[in-house]
Amino acid sequence: MSVDNGNILSVEYTILRLSKLIGIILFVCLVSNVFGQSLEELRKRKEKTASEIEYINNLLKETNNNAKASLNRLSVLERQIKLQDILINNITGEIGYLDASINQNIKRIDSLSIALQTVKNKYAAMIRYANRNQNNNNQLLFILSASDFNQAYKRFIYLRQYADYRRKQAEKIYEFKSSISEQLSEFNIRKDEKQRLLTSKVNQTVIIEQRKKQQKDVYSELKQKEKDLNKKLESQKKTELRLQQEIERVIADEAKKVNRKSSREKGFVLTSEEKVLSGDFSNNRGKFPWPVLRGLITDHFGEHPHPVLKYVVVRNAGVDITTQANAKARSIFKGEVTKVVAIPGGNIAVIIRHGNYLTVYSNLSEVFVKAGQQVEGKEEIGNIFTDKNDENKTVLKFQLWRENTKLDPEEWLRQM
């Protein structure tokens, strides 16, 4: 009996091809793992946005029974519309990732199916060859016809190796079938996820249209109250002017508390401890906790057009943070309470010094601290006023100063 070298070479060539194919599949899986991490990050952002939208919904529910048009409500609706847009973009991005994943699954299934068919064809050929020879007892004759013992032994080893090839091919068939089954299962999961996301996207689109209509209605109602808005704006300017005067008074007082090294020196003269505190404060830019447990900014720092009144510019020395009723204000960093002052029309304000930085918390109905008291970061300093005559609006007015220079608090607070 002659050895079928062509068959053996064919088997070896098949195994070599399978090894390369498996390497490609492993590489695709590695890419898929990186893709999975990106998808996970996208989902986290989506969950965070959805959580903030839910919080805004709760704020709106607090005033839903007696809702009326107000600038604060207009700002809250504007923020929600922006978040709904972000959420829809996140969902669209996730659908894109899932489409890529589905396409990867299809390619893997196709590759595995081709590999499976190749292995099955080779395995069938091997079985036919083995059965044809086994029926004639050719394997035994093949060994016995050897010219010497050494050749007989080599032929025996060859037959064992050939049988081992057959077993391995059978295992490969099982592995490829299992892999195809897994890929099909993942494919179906991805398809179901995509369908759920498409439904969610449609629902969010409906919600955003509803919010835009509400925003339009509030805007229209406010336009009819321009005189009242102008009057309220003038009153607000007076209140903020009083607060700024108090802050400037505190700054002047702080500068007088210490002996200057030189009459030409400007700003605060700091002790060594205060210099360290100032340095620590400066190094935490962008990392500070919010002065409320949870809230959203409904009026930003600096000059910007009035949301309703044409040709009117709003100037805010800090930010307005809308939060839920009964919320408490808290210090963003350790420091010393330098002043607690009642502002006509603005309730109570607390000013805390952190070296040569000042933080100001106003529109408080009650305070828990007093001048000269040391406070820690996140320590509660007072209750925020809830205006029951203005749809239970609860707004903390927060400012940040470096000596006599106003700073944008949003650049210093961490993102919620």
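Derivation of every value follows stated rules applied to the coordinates shown; laboratory data play no part. Predicted model, so just to flag it, every value in this text is computed and none were measured. A quick note on method: Cβ atoms are made from the backbone with ideal geometry, for glycine too, and the neighbour counts reach across all protein chains shown.
Normalized C-alpha radius of gyration of the range 226-411, against 2.2 N^0.38 Å?
Dividing the Cα Rg of the range 226-411 by 2.2 N^0.38 Å gives 1.04.
For the pairs K48/K213; K44/K406; K82/K334, note any where the Cα-Cα span goes beyond 27 Å.
K44/K406; K82/K334
So if each residue of separation counts as 0.36 nm, and I subtract the Cα-Cα distance between A371 and T205, what length gain in nm does that give?
54.7 nm
Obtain the nm distance between the two label points defined at Q415 and K216 by a simple spin-label model: each point lies 7 Å from its Cα along the Cα-to-C-beta direction.
Modelled inter-label distance: 3.1 nm.
In terms of the Cα gyration tensor, with a ≥ b ≥ c the square roots of its eigenvalues, is the range 301-416 rounded because a/c is under 1.5, prolate because a/b exceeds b/c, or oblate?
Oblate.
For the ranges 348-354, 93-99, what's the packing order if you count other beta-carbon atoms within 10 Å of each residue, average per peptide, and put the highest first?
The peptides rank, most packed first, as 348-354, 93-99.
So how much slack lies between K231 and A342, counting 0.36 nm per residue of separation and subtracting their Cα-Cα distance, in nm?
37.8 nm
If you stretched the chain out fully between K238 and H300, how much longer would it get, using 0.36 nm times the residue separation minus the C-alpha to C-alpha distance?
Length gained, K238 through H300: 20.5 nm.
As an exercise, use a Förster radius of 41 Å and the Cβ-Cβ distance of K61 and D408 to find the FRET efficiency, rounded to the nearest 0.05.
0.85
How far apart, in nm, are the 7 Å Cα→Cβ label points at Y153 and N121?
4.0 nm
Give K328/K388; K61/K191; K227/K393; K61/K388 a once-over and call out the pairs whose C-alpha atoms are over 26 Å from each other.
K61/K191
May I ask you to sort K232, K213 by Cβ crowding, counting other Cβ atoms within 10 Å and putting the fewest first?
K213, K232
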